[in-house]
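Please treat every number below as a calculation from the coordinates, not as lab data. Source: prediction; values computed, not measured. A quick note on method: Cβ atoms are made from the backbone with ideal geometry, for glycine too, and the neighbour counts reach across all protein chains shown.
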Amino acid sequence: MDTHRLQFRLDGEATGSRARAGTFRTLHNEVQTPVFMPVGTKATVKAQLTRTLEEAGSQILLANTYHLLLRPGPEVFRKLGGIHRFMSWGRSVLTDSGGYQIFSLPHSRSMSEAGAVFQSYLDGKTILLSPELSIETQRAIGSDIMMALDQCVASTADEATARAAVEITHRWAGRSLAARGDSEQALFAIVQGALSPELRRESAARLTELAFDGFAIGGLAVGETRSEREDVCALTAELLPRDLPRYLMGVGTPLDILEAVHRGVDMFDCIIPTQVAQRGGVFTSRGYLQMRRGIYKFSEEKLDPGCNCPTCARYSRAYLHHLTKTAETLGWTLLGQHNFYFYHQLMRDIRASILADRFMELYHARREFLHVPDLDNPVQQMKRKKQRPRTLGNYEVHMAWEGFASIRHVASGEIMHMRSAPMAEAEALYVEQSQLAERVQSADAEPLVVWDVGLGAAANAMAAIRCYEAAAEIGPIRPMRLISFENDLDSLKLAWLHDDLFPYLRHGGPPAILRHGHWQSKQHAGLSWTLVQGEFLQMMAHAPAPPDVIFYDMFSSKTTTDLWTTDAFRQLFAACAGRAVELFTYTCATSARVAMLAAGFCVARGRSFGEKQETTVAFTPAAWPDVVSRFEVLSTDWLQKWHRSGAKFPPHLELEEHPSFERMILRHEQFAER
């Protein structure tokens, strides 16, 4: 076997540019570069069949070790013969090591020399993702190209943080290489160093001393400007071996790719083709089109006059506009299919231009339209108001790829409603699960009291108010007192400043809460909203009324440790004053659930939402008859998982207290036969 498993060769280099065309051979097929790799994180490219990806020209798919480790698990791949058979894909697969997912979950993991410790979002189980486990999992998956585990940090990280990441990435790279052993799978290392030229040089120099089959440029597209990314990309690519493939991770748009090829990069991956398609976006020879625009409503034109993909050959812009506006999955599929054809054709055109030594001609021609919105129907820019600040105190506005805005806590990195629009999560996990509409549609004179613990940007509060106002239009309704707890109003102030991004705040309630701490509905005499400002555990006793329903939406235990302890939930249980009370929260962490049980609550599984397969419903014993008819109460199967969990006991508990704590949980009334 060759020293380098991919047998990479250069087929051509461009004059006046570092652009290059190459070929390498994996265990499954020959790959021609430059190459774009569709992202199939969980062994599937969203809304696409493997057959249509083959027809589009996909040579390699990317899958993710972190997600596949959790589900379906390495044992499935071992039993079924690897990922290629599992997903019916005959060409190459590259597996990311899980390093970026570790970076993207700052509040749900801890780092050490051994690896990254995190809690599974499926069952709360604690897992140590070490270089050895990452490679072992990738070997079981059977990918053609594996990635060494690295520590990714924000590109804008300070030098001390970036240097520490470079050091541990280098040590983990050596361990990853040793763990690969005699496997025929290729293995790439990842160069880190944030925006520091010195650290990038140091990282590249140390990693290229080791016998890897290729090298990736990591830690970009995570906070830097486009010009910073292009400069670091050019610098790093020049430091990498000429006779091995170079891979820029997580980039990007067609223009980003064109620029990176110009700077000497061979391989790319990004979720953009499917992400923008889900929101109605497509890349075409006439610029970037947003199919939500009303201008396409009656258009019989093909999507892209320069494309012969199945979408363009068969469907009109009018039909694709209709599918996008109605949020039909078929629209996502068809637009995504076109985007992949566009990306792969761009790569073929770039390769051909390099081999013909006409790359700079293509470069100048393509960069003129790749970033332009619809050349035929230009978007008319509206006069914008003076730019409002995107940060306030310890919070900043965060824009998700999916197109919605949320609020990020700068110090911890936690994002409120990270993977779903704020109101969508508020309605699904809090308003709908609590059956708020049914509760208020009553002639009962007693007010329903809702505690909103963790006001944040007021998504849960406004979802409850909207629910009440909608119910009032239907028939008789009981009073509702909404009581929000918050110690820092900057997140709400910032969101309210940007009510164009947070339209649910266009209501009389939020400004009244910010100014006076109280709002009384003028339309509905029974609807009021009160703010209790200060630390929740201290201010709980000052609430004007005990709760019937609790929305518990605080930052995670990594950021607000004291609010997820047994003592905190005991105080909350006491505040329920023996009433039938239900508590709803986004987490399914074992540590949170066992703290609730120890405090006296009963606990059930809440509905799934987004990437969370479960959430949590806690309730007082008095609420048992109603809750068990609506939710699956934790039973002995959960106790078995608890026994195996690394979060079995609260961290503050002394070792000698463990046996009595365990007996208390096992004797909890919800686990007794009823």
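For a test of the definition: using alpha carbon positions, the gyration tensor, and the 1.5 limit on a/c, classify segment 446-492 as rounded, prolate or oblate.
oblate
Using the Kirkwood formula on the Cα atoms of the chain, what hydrodynamic radius do you get, in angstrom to one decimal? Don't skip to the end; give the middle numbers.
Details: mean 1/r = 0.0366 Å⁻¹.
Result for the chain, one decimal place: 27.4 Å.
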Original post:
Per-residue HN-Hα couplings for segment 547-564, Karplus 6.51 cos²θ - 1.76 cosθ + 1.60 at θ = phi - 60°, whole Hz, x for Gly and Pro?
Top reply: x, 9, 9, 10, 9, 9, 10, 7, 4, 5, 5, 5, 9, 10, 4, 5, 8, 10
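Of the listed pairs Lys302/Lys325; Lys558/Lys648; Lys42/Lys325; Lys79/Lys125; Lys125/Lys558; Lys42/Lys79, which have alpha-carbon separations greater than 20 Å here? Show your work: numbers first, answer last.
On the way: Lys302/Lys325 18 Å; Lys558/Lys648 17 Å; Lys42/Lys325 27 Å; Lys79/Lys125 23 Å; Lys125/Lys558 16 Å; Lys42/Lys79 18 Å.
Result: Lys42/Lys325; Lys79/Lys125 exceed 20 Å.
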Original post:
What is segment 538-640 by shape, rounded, prolate or oblate, if you read a ≥ b ≥ c off the alpha carbon gyration tensor as root eigenvalues and call it rounded for a/c under 1.5, prolate for a/b larger than b/c, and oblate otherwise?
Top reply: oblate
**OP:** Mind putting together the pair-distance distribution for segment 513-559? All Cα pairs, 10 Å bins, whole percent per bin, short to long.
**Re:** 19, 47, 29, 5, 0
Original post:
What area, in nm² and to one decimal, does the C-alpha convex hull of segment 276-374 cast on average over all directions?
Top reply: 5.9
Original post:
So how strong a dipole does the chain carry about its Cα centre when Lys and Arg Cβ are +1 and Asp and Glu Cβ are -1, to the nearest 20 debye?
Top reply: 1160
Subject >> Cysteines without a disulfide-compatible partner [the chain; Cβ-Cβ under 4.7 Å] >> reply: Cys152, Cys233, Cys270, Cys309, Cys467, Cys576, Cys588, Cys602
Original post:
Non-local amide H neighbours of Leu61 (under 5 Å, H modeled in plane, Pro and chain starts lacking H): which ones?
Top reply: Ser92, Val93, Leu94
Subject >> Proximal aspartates and glutamates relative to Lys522, as straight alpha-carbon distance under 14 Å, when same-chain residues fewer than 8 apart are discounted >> reply: Glu469
Original post:
Hey, what do the phi angles of segment 624-632 turn into as Karplus ³J(HN,Hα) couplings, whole Hz, using 6.51/-1.76/1.60 and θ = phi - 60°, x for Gly and Pro?
Top reply: 3, x, 7, 5, 5, 7, 10, 9, 8
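Taking other Cβ within 10 Å of each residue's Cβ, how do Arg91, Arg314 sort, fewest first?
Numbers: Arg91 18, Arg314 11.
Ordered from fewest to most neighbouring Cβ atoms within 10 Å, Arg91, Arg314 come out as Arg314, Arg91.
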Subject >> Label-point separation, Ala400 to Leu235 (7 Å along Cα→Cβ), nm >> reply: 3.4
**OP:** Quick one: order Asp96, Asp269 by neighbouring beta-carbon count within 10 Å, fewest to most.
**Re:** Asp269, Asp96
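Most exposed first by the Cβ proxy, i.e. fewest other Cβ within 10 Å, how do Thr137, Thr44, Thr636 rank? Please report the intermediate quantities before stating the final value.
Working: Thr137 22, Thr44 15, Thr636 8.
By the 10 Å Cβ count, ascending, the order reads Thr636, Thr44, Thr137.
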**OP:** Please list the non-local residues whose amide H lies under 5 Å from the amide H of Met147, H modeled 1.01 Å from N, same-chain partners needing a gap of 5 or more.
**Re:** Thr95, Ser97, Phe188
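With a/c under 1.5 counting as rounded, go ahead and sort segment 152-265 into rounded, prolate or oblate using the C-alpha gyration tensor (a ≥ b ≥ c being the square roots of the eigenvalues; past the cut-off, prolate if a/b is larger than b/c, else oblate). All intermediate terms of the calculation are to be shown ahead of the outcome.
Numbers: a/c = 1.93, a/b = 1.27, b/c = 1.52.
Judged from the Cα gyration tensor, segment 152-265 comes out oblate (a/c at least 1.5, b/c at or above a/b).
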**OP:** Would you mind calculating the gained length between Glu328 and Ser629 on full extension (0.36 nm times residue separation, minus the Cα-Cα distance), in nm to one decimal?
**Re:** 105.1 nm
**OP:** With the convex hull built on the Cα atoms of segment 10-148, state its orientation-averaged projected area in nm².
**Re:** 10.4
Subject >> Amide H within-cut-off set for Tyr395, under 5 Å, with H built and near neighbours excluded >> reply: Val410
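I want the antiparallel fraction of DSSP beta bridges within segment 9-270, as a percent rounded to 5.
Values: 15 of 39 bridges.
The antiparallel fraction comes to roughly 40 percent.
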**OP:** Quick one: work out the % antiparallel among DSSP beta bridges in the chain, nearest 5.
**Re:** 50
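Would you kindly calculate the mean projected area, averaged across all directions, of the convex hull enclosing the Cα atoms of segment 417-634, in square nanometres?
Details: hull surface 45.3 nm².
With every direction weighted equally, the projected area is 11.3 nm².
Which whole-number percent gives the relative contact order of the chain, counting Cα pairs below 8 Å spaced six or more residues apart?
Numbers: 1301 pairs, mean separation 70.5, N = 674.
Answer for the chain is 10 percent.
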Subject >> Proximal aspartates and glutamates to Lys493, defined as alpha-carbon separation beneath 13 angstrom and excluding residues fewer than eight positions away on the same chain >> reply: Glu396
Original post:
If one takes the longest principal axis of the Cα atoms in the chain, at what angle in degrees, from 0 to 90 and to the nearest 10, does the Cα axis of helix 459-472 lie?
Top reply: 60
